[in-house]
Structures are given as C-alpha cells and as structure tokens.
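Presented below is the structure to which this report refers.
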Amino acid sequence: MFLLFGFAIAAFFPFLALYLEKFHGLDASQIGVLIAITAVARMIANPLWGHYADTKLGRLLVLQICLLGSGAAALVLNVQWADAAVIAAAVAHSVFLVGQGSNLDAIALVHLGDDRMSEYGRIRGWESLTYATGCLCFGAVLQLFGMGWAMPIYAVSVFLVFVWTLQIRRDRPVALEKHGRLGAVGAVFHEAPRFWWFLCAVFLVWTGFNAAWNFISLRIADQGGGAFLVGLGTALGGVLEFFTMRSSARLQTRWGLRKVYMLGCCVYAGGFLMWGAVSSPTALSILTMFEGVGFSLLFTTSVVVVGRLVPKHLYSTGNAITATVGFGIGPIIGAGVGGFVYQRLGPGVLYVSASVLALAAAVVAWFALRIPALDRPQALGEEIVPVPPFPDTGPTV
C-alpha cells in the first residue's frame, strides 16, 4: 500500500501550484486563497473521517472510500470550469484526500504493535521511494505533454492503491461507551491532555512549511525553470526521505522522539532560508531536497508520538487531529497569507518568515515533548511507561 500510495502523492502535491497556474490560469494570490479554502474543507472533514474510522466503519473501509472519492474528484477538477466550479471540485477532492494518510498510518501502527512502533519509518520509507520515482517521471511527462495530465495520473494512482487494499483484512471499529458530544475527538484529548501542547508545535512548523512549500514550484518557474526541475528537486528530496525514514527507528531509539522532532524543525528552518536566498532555478531544484529530510524526520516522529500518547483504538483520530492542525489549519494561514506575501512583498520575506516559524516550533517541542516516554532514548521492545498529564510533569510553555 505504501509503495503504491507514493505515486499518488508524487502526482499531486509537488505540481499543484504549477498545475493551477498553467492549467487553470490562477495567479499566486488566487492559488493561495484556493489552497486555504481546501484546507478549511480538510480541517472539517479530517476529524470526522477519524471518528468514523475508529468507531463506526473501520479504517480500511474509510481509506477505500477516500481513495475512490479523491480519484473521481481529481478527474472533475481536470475540466476547465469557471472559477467557482474549480473551487468546488478542489474542495471535494480535499475532503476525500485528507482521509487517506491518517488511516494508512493507523493501519501500520496496529500492524507493528507497541513494541515495534518505532519501526514505522521503515514501512513509511517505501512510500518515499516511489514518491521520488514518481516526481522524476511525472515531472518529465508534464514538461513534455502539459500540466493537464497531472490529475489523470493522480486518479490512476489512487485507483491502483484501492485495488491493492482489497486483499487486506478489514478491521473492526471499537464503539466508545462514554465519549461526550465530540466523539472520538473528545476521547483523544481526555486520554492525552498533553496532546494540546504537541499540537502547538505542529501548528507552527506546518504553517511555515505550507507558506514555503506551496510556492516553491512557482519560485522555480519564475526563475526560468519548469515542471521537470520541480520534479527533479522533489525526486531528490524523496530519495533522501527514503533513507532518512528507513533510519528513523535508529534515530528515535538513540536520541529520543523530542530531539528528532526538533532536528526536523531546524532542517526546515535552514532549507526555507536557502529557498529565499537562491535565484538559480537549478540550485533551487537541488535545494528542494531539504524538504525530504525535514519531512521524514517530522512525519515519522509525529506518528510515533501519537502512538505513544493515544490509546490504540484512537490511532486514526489522533493522526487525523494532527493532520487537521498541520495540513488543515497550517495551509489556511500558511498558504492563504503566503500567496499574498509572495506576490506583494516578495519571496525573500516569505521564506524568512517560514524559517522563523519552524524555529519557533523547535522551541515549543523542547518543552511539549519533555517527558521520559518521548524524550529518553528507548531500545526496540522496551516497555513504554504511560504518559502522565502535562500539568504534572514540571515546567510548561
């Protein structure tokens, strides 16, 4: 599943801004607004998908629904409608897109179990390998044949993932006896009060990321590059992402989750600064590889942090909430404001601001993850001590 899913991600995210500009004729400000609108849709849909996956339908069924829905919506988006119809199609696509990753990760966490949870990156790394391959191949195809092929390639990719999921054993959801009006979402915060503080760091780093990443393809194009250079840079990042994710278990057991998460924030901060300082399209393409390293450190660590803080029957909801903050609220502010800043104040201001946000996330993570279960290096198979509520653990932010 992870191998095939990498192709779907490669067909969509690296080329989205360029696709909207070249195929639908939107400028940077309009692209930022559209991404912000779709992020609102993701923010609303993500906790709902998590709740129904954990308590009603099961994770695999929700994953399959989202794969089929996003593929169909991508084909509708590829029609050159008026702006209102483009927004509607993009919103529909985002609603189904957002339910995929959190359930895929939850299935992987259950498969690994508590003792092997730090090995998540070794599974997730295979997605990075096909992501790198897809970025390079799809970038060449789009350069030769036009950006209009981006959404059909994405649709074919997710349909292939759906076919593969048919051989996986269906999971049984766990009904919550007492969960209040917020359902599984409320249960997550009841079980893990510290989760709020972790979400603060998530918000800062992914807001900075969305401000920087959503316009890197435009920056490369503005300096004279094209889809191939965009694909080349993201492919290089994907290769580094593969090796970093495959080694994430060793990093987490040697340094602890807190230090690895902070390292990811710092890698992003340095990369964002260089994206704003360099003007050569080829150099910008090569420097895009920092995204792969930072993403692999942050993403694998975040999934395992959720696994350490949240009970097993709430994995999908915990991952969905994290994604809601990072890839829902983050794009609303990061992309929404970032498009305006890029067009009116220039890329230099945008990328310096994104770097500052990433560094601020590292500072928050230093305090938010400062407990033995998340900070102390642990050997694979070592028994995990339950995480106490945040107010009982010493200094706070």
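The values are calculated or read from the model by the stated rules, or taken from the named source; none is laboratory data. Because the structure is a prediction, the values reported are computed rather than measured. Neighbour counts run over all protein chains shown; Cβ positions are idealised from the backbone, glycine included. Accessible surface is based on the protein model in full, side chains and every heavy atom, while ligands, DNA and RNA are left aside. Shrake-Rupley method; radii C 1.70, N 1.55, O 1.52, S 1.80 Å.
With coordinates expressed along the principal axes, the C-alpha atoms belonging to the stretch 95-173 extend over 47, 24, 23 Å, beginning with the largest. Set against the 2.2 N^0.38 Å expectation for a compact globular protein, the stretch 1-65 has a Cα radius of gyration ratio of 1.42.
Remark: the stretch 74-165 carries a charge dipole of roughly 180 debye about the Cα centre, counting +1 on each Lys and Arg Cβ and -1 on each Asp and Glu Cβ. Structure remark: mean-square fluctuation, Gaussian network model of the chain, C-alpha springs under 10 Å; the largest value among LEU236, LEU18, LEU345 belongs to LEU345.
Placing R0 at 25 angstrom, the Cβ-Cβ distance between LYS312 and ILE168 gives a FRET efficiency of 0.90 after rounding to 0.05.
Among the protein heavy atoms of the stretch 207-274, carbon and sulfur supply 66% of the accessible surface, probe 1.4 Å, non-protein parts ignored.
Could you work out the pair-distance distribution P(r) of the chain from its alpha-carbon pairs, with 10 angstrom bin width and percents rounded to whole numbers? For the chain, the pair-distance distribution reads 5, 24, 36, 25, 8, 1. Here's the picture: a label point sits 7 Å out from the Cα of ASP115 along the beta-carbon direction, and within the stretch 300-334 nothing has its amide nitrogen under 16 Å of it. Look at the alpha carbon pairs under 8 Å that are at least 6 residues apart: their mean separation over the length of the stretch 1-147 gives a relative contact order of 41 percent. Computed from the Cβ-Cβ distance with R0 of 56 Å, the FRET efficiency linking ARG376 to LEU68 stands at 0.85. Using DSSP loop states and a limit of at most 16 other Cβ atoms within 10 Å to flag trypsin sites (Lys or Arg not before Pro), what is the longest stretch of the chain containing no flagged site? Longest run free of exposed loop sites: 182-397.
Taking the Cα centre of the chain as reference, the dipole from Cβ charges on Lys and Arg (+1) and Asp and Glu (-1) amounts to some 440 debye. In this view, the solvent-accessible surface of ASP222, computed with a 1.4 Å probe and all protein chains in place, comes to about 90 Å².
Toward the positive end of the charge dipole of the stretch 80-165, with +1 on the Cβ of Lys and Arg and -1 on the Cβ of Asp and Glu, the farthest Cα among SER157, ALA85, SER102 is that of SER157. Taking 0.36 nm per residue of separation and subtracting the Cα-Cα distance, full extension of the segment from ASP83 to SER280 would add 67.7 nm. Taking every protein chain into account, the 1.4 Å probe leaves GLU241 with about 10 Å² of accessible area, to the nearest ten. Ordered by 1.4 Å accessible area with all protein chains kept, LEU287, LEU314 run largest first as LEU287, LEU314. Charged side chains reduced to their Cβ positions (Lys and Arg at +1, Asp and Glu at -1) give the stretch 184-254 a dipole of some 280 debye around its Cα centre. Full extension of the segment from LEU3 to SER29, taken as 0.36 nm per residue of separation minus the current Cα-Cα distance, would add 5.9 nm.
The residue among THR317, ALA362, GLY348 whose Cα reaches farthest toward the positive pole of the charge dipole of the chain, with charges on the beta-carbon of Lys, Arg, Asp and Glu, is THR317. Relative contact order, whole percent, for the stretch 54-107 stands at 53, derived from Cα pairs under 8 Å and 6 or more residues apart.
What whole number of Å gives the distance from the Cα centroid of the stretch 91-155 to the Cα centroid of the stretch 306-380? For the stretch 306-380 versus the stretch 91-155, the Cα centre distance is 19 Å. Summary value for the stretch 108-256: 56 percent relative contact order, contacts being C-alpha pairs under 8 angstrom separated by 6+ residues. The three principal axes of the Cα atoms in the stretch 158-273 give end-to-end lengths of 58, 38, 33 Å, sorted in falling order. Using alpha carbons only, what's the Rg to Rh ratio of the stretch 17-149 with Rh from Kirkwood? Ratio of gyration radius to Kirkwood radius for the stretch 17-149: 1.02.
Rounded to whole Å, the principal axis extents of the Cα atoms in the stretch 65-211 read 52, 36, 34, largest first.
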